[in-house]
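*Asks:* Here it is, the structure, as structure tokens.
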Amino acid sequence: MAGIHVAPGHDGGVPKVSVLFVCTHNSARSIMAEALLRAKGGEAYEAFSAGTEATEVRPLTLRVLEDAGVPTEGLRSKSLEEYLGRTFDYVITVCDSARQSCPLFPGEGARFHWGYDDPSAASGTEEERLAAFQRVFTAISRRIDLFMNATDKRVTAGP
């Protein structure tokens, strides 16, 4: 798998775009999205993730991220309760269950839903399960690229 380009530091002046990725367990999809936006977006973004029922980060999640060269230090499964009362520019659900149960955040700018299959539900050999995680990782990575392109235009376009 090809490595991910990690963005250099952001030259201040423009406020960071804050994004919260939400999934049910905060163990795979939302963790991948958080790590990818941090790596690709550099200092232009504040990326967070949480689960409606936080558990623990799946080892295959970490493996896919590390294989792609995405930093994993500090990643942990977190509950939505850690972020209640905080405002975000974007709240993005990455699974259908979280979409239905995610609370509204006061002052949230926009809410999106990016539905992905749960790679944790994949069965078979370790290689087959890893392939499921890699497919979801690739899809999220592409969506992050599109998202960054759109938000970069929003930030630089002005009124």
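Read-outs: derived from the displayed coordinates by stated rules, not from any lab. What you are looking at is a predicted structure, and each value in this text was computed from that prediction instead of being measured. With ideal geometry, Cβ positions are generated from the backbone for all residues, glycine too; neighbour counts draw on all protein chains shown.
*Asks:* E128 versus V14, label points 7 Å from Cα toward the beta carbon: distance in nm?
*Replies:* A separation of 4.5 nm, rounded to one decimal place.
*Asks:* So for the range 17-152, considering every pair of alpha-carbon atoms, how many percent are separated by more than 27 Å? It would help to have the intermediate numbers written out before the result.
*Replies:* Details: 1068 of 9180 pairs.
Across the range 17-152, Cα pairs with separations above 27 Å total 12 percent.
*Asks:* Next question. In what sequence do H113, H25 fall when counting other Cβ within 10 Å, fewest first? Walk me through the numbers on the way to the answer.
*Replies:* On the way: H113 15, H25 22.
Fewest-to-most ranking of H113, H25: H113, H25.
*Asks:* Relative contact order of the range 17-152, please, whole-number percent, based on alpha carbon pairs below 8 angstrom and at least 6 residues apart. The partial results should precede the final answer.
*Replies:* Numbers: 254 pairs, mean separation 37.8, N = 136.
This gives 28 percent for the range 17-152.
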